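Notes follow the structure.
A short reminder: the numbers here are calculations on the coordinates, not readings from a lab. From a predicted model like this one, the values you see are computed outputs, not experimental measurements. Here the Cβ positions follow ideal geometry from the backbone for every residue, glycine too, while neighbour counts run over all protein chains shown.
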Amino acid sequence: MLTLSYRSTARIKSPECEIPKLVSQSAESNRKLGMTGILLFDGFYFMQTLEGSWDPLIELFLRICEDTRHTDVVPFGVSQIDNRKFHDWHMKFVDICETVRLIPDMDEFNFSDERLHQVHSGVLAM
Ligand SMILES: Cc1cc2nc3c(=O)[nH]c(=O)nc-3n(C[C@H](O)[C@H](O)[C@H](O)COP(=O)(O)O)c2cc1C
């Protein structure tokens, strides 16, 4: 299995309407694809970690890259895994308030270049 994370710049006008729809459609589709993961949103950037078999995950990632609801998709944290971290979640969504709760060591809550790896490590340690 593979895990892959990325950060992207959101291009959505109304996050409170569009994100719940995106998350429920993604969870449904990920269930069928055997995909698990987590999506975070800091009000400006998305950060997503996906886990699953290589081919479906790479196909999904290429589809996600084409999605006009975000731009500048930058992958990182790609590695082979034996066990899933997010086995209970086909697509868990975490907003910035919940990020604060889940990653207590963070003193600044954004997914800027300086903070990205700290958030990612915090997510993997949840
Ligand atoms: C930030 C973001 C995260 C997404 N995550 C997923 C996901 O985990 N699973 C998924 O099936 N689609 C996800 N999508 C939606 C896909 O980009 C795409 O719209 C969906 O797979 C349907 O593709 P299709 O229209 O080619 O069938 C995401 C989109 C965005 C903008």
*Go through 8, 121, 89 and say which Cα lies farthest out towards the positive end of the charge dipole of the chain; charges sit on Cβ, +1 for Lys and Arg, -1 for Asp and Glu.*
89
_Taking the beta-carbon count within 10 Å as an exposure proxy, list 89, 54 from fewest neighbours to most._
54, 89
*So what's the gap between the Cα centers of region 48-122 and region 15-35, to the nearest angstrom?*
14
*asked:* Only Cα pairs within less than 10 Å get springs; with that Gaussian network setup on the chain, which residue of 110, 30, 83 has the largest fluctuation?
replied: 83
*Counting pairs of Cα atoms in region 2-124, how many percent are more than 27 Å apart?*
10
_222 nm mean residue ellipticity, helices alone, for the chain (DSSP H n ≥ 4; -39,500 (n - 2.57); rounded to 500)_ = -13000 deg cm²/dmol
*Fewest Cβ neighbours within 10 Å first, please rank 14, 29 accordingly.*
14, 29
*Arranged by the count of other C-beta atoms within 10 angstrom, fewest first, what order do 58, 103, 81 take?*
81, 58, 103
*So which lysines pass the test for residue 85, namely a Cα distance under 23 Å, with those fewer than 8 places away in the same chain ruled out?*
32
